Amino acid sequence: MKIRLPFRFFPENFKHFGFIWIINLMIPLYYLLQLPFRAAWIGYTSVAILALAFRQALWDRERRFVYALIQITSVAVLGYVYTPSFLYFGFYCIMAIGMLPTVRKVAFSVAYMVAAFVLTMYLFYEKVGEAVQFDFIPSLIILAVLPFAMKSHRKAEELRKQLRHANDEIERLIKNEERQRIARDLHDTLGHTLSLITLKGELVERLIPHDPERAVQEARDIQTTSRTVLKQVRELISDMRAVHLSDELRQAGQILSSAGIGFETAGDAERIRTTPVVMNILSMCLREAVTNVVKHSKAKHCKVELMEKSGSYVLKVHDDGVGIDGEGSKLGQAGSGLLGMKERLTLIEGTLEFSKREETGTTLTITVPNVVKRQQTEGK
């Protein structure tokens, strides 16, 4: 079933320029209205054909070359029958010429236009018995060059679109390949071990009533196996690309500065030594916290503190605004952001505390374990 689209004069990307070009056609019509209809009907017909061919050339790609030649012929007729000043409407023709698919067609159309307009000027001045005027030559040169410039610009734009599409496709393929790699690694690394833990857990359940000593031994085996799989998971995650907190802090400073909010930091993010997954989650939480400050706090100043306490990293984001509980704030949106932060932190045994004071503003305190130090402690 063929779908019929609603009629439109010009393509959507042409916007209002098409109507501007049509309005410019009122100039020859105003001139023709000064003449008797017997002398002006050829002009009316030529203007109508020019307008129709101009519109059709924008839509019909297959016959655009023909419509371009029709436009050139219409302008040449106007110039010969009335005045060579009408040859300036050749600027209408270059739109279709510049959109032709091949350089050969562009070159042929330009050659036809130059020949037609030069012949028109010669025949007109011979008809009226005057010397040929050459004041139109500079404009004719521009008319001859513009289609090639338009063609080059359109080709460059198409190449840029193709490059963007290719980059998007490459990025999509990389993401898919990374997902497949992670899935394969998780399956190969965890599948067998988790199955073993499940079987041993069922065995312990059966042994407890009859052989408690062996059940205890099997439970210890489960603990050993679980530690092994935890180490494997950490090794797997360490291969994943991390967003460092120091980079996120610089980005936060730019965002707050753009929003007119003063920014201050305390602590050295470069000294953080943790796994990529903890670093990623910490960076995402900082990003969400800064976003809440910009959107909801109405603050004038924001301070981010980073410190290490008893095997944990503590990140505090403090602002002097009204906070997400303040009057007129978007509690629903900010609350959703806090919930997402809590869910992320739960994955790494992290915590989120929220406090608001009328005089000092709002403080978010994020605490995450120092996994690297914990691993070193367990290994001793």
>> Looking at the range 143-174 only, could you name the residues that are open to solvent by 80 Å² or more (accessible area, probe 1.4 Å), over 20 Å from LYS105 (Cβ atoms) and not polar (S, T, N, Q)?
In response: ARG160, LYS161, LEU163, ARG164, HIS165, ASP168, ILE170, GLU171, ARG172, LEU173, ILE174
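Quick test for you: out of ASP188, ASP239, pick the one residue that is over 30 Å from LEU286 (Cβ atoms), acidic (Asp, Glu) and at pLDDT below 80.
ASP188
Provide a single number: the residues in the range 115-138 that are among the hydroxyl-bearing types (Ser, Thr, Tyr) and either on the phi > 0 side of the Ramachandran plot or open to solvent by less than 50 Å² (accessible area, probe 1.4 Å) (or both).
Of the residues in that region, 2 qualify.
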>> Among the residues in the range 327-349, are any more than 24 Å from HIS244 (Cβ to Cβ), open to solvent by 60 Å² or more (accessible area, probe 1.4 Å), touching a strand residue (DSSP E or B) at 6+ places or on another chain (Cβ under 9 Å) and at pLDDT 80 or above?
In response: no
> Which pairs have Cβ atoms under 9 Å, sit 6 or more apart or on different chains, and link a residue in the range 208-228 that is within 20 Å of LEU194 (Cβ to Cβ) to one that is assigned to a helix (DSSP H, G or I) and hydroxyl-bearing (Ser, Thr, Tyr)?
Replying inline: THR225/THR193; SER226/THR193; THR228/THR193
> Counting just the residues of the range 267-285 that are free of Cβ contacts under 8 Å to residues at least 60 places away in the same chain and among the hydrophobic types (A, V, I, L, M, F, W, C), which one comes out farthest from LEU347 (Cα to Cα)?
Replying inline: ALA269
>> Report every pair of residues separated by at least 6 positions or lying on different chains whose Cβ atoms are under 6 Å apart, first residue within the range 302-316 and more than 12 Å from LEU245 (Cβ to Cβ), second small (Gly, Ala, Ser) and not in a strand (DSSP E or B).
In response: GLU305/GLY267; MET307/GLY267
>> Given (1) assigned to a helix (DSSP H, G or I); (2) surrounded by fewer than 17 Cβ atoms within 10 Å (Cβ to Cβ), identify the lone condition not met by VAL277.
In response: (2)
> Pairs under 8 Å by beta carbon, first residue surrounded by 15 or more Cβ atoms within 10 Å (Cβ to Cβ) in the range 249-266, partner among the polar types (S, T, N, Q) and modelled with pLDDT of 80 or more, six or more apart or different chains?
Replying inline: LEU249/THR265; GLY253/THR265; ILE255/THR291
>> Only one of ARG61, ARG104 is assigned to a helix (DSSP H, G or I) and surrounded by fewer than 21 Cβ atoms within 10 Å (Cβ to Cβ). Can you tell me which?
In response: ARG104
> In the range 355-369, how many are at pLDDT 75 or above and either out of contact with any strand residue (DSSP E or B) (no Cβ under 6 Å at 6 or more places or on another chain) or on the phi > 0 side of the Ramachandran plot (or both)?
Replying inline: 1
>> Being under 37 Å from the mean Cα position of the chain (by Cα), under 20 Å from MET26 (Cβ atoms) and aromatic (Phe, Trp, Tyr) is true for just one of TYR82, TYR67, TYR88, TYR92. Which residue is that?
In response: TYR92
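The values are calculated or read from the model by the stated rules, or taken from the named source; none is laboratory data. The structure displayed is predicted, hence computed values, not measured ones. Neighbour counts are summed over all protein chains in view; Cβ atoms, including those assigned to glycine, are modelled from backbone coordinates with ideal geometry. Quick note on the areas: whole protein, heavy atoms, side chains included, nothing else; ligands and nucleic acids left out. Shrake-Rupley method; radii C 1.70, N 1.55, O 1.52, S 1.80 Å.
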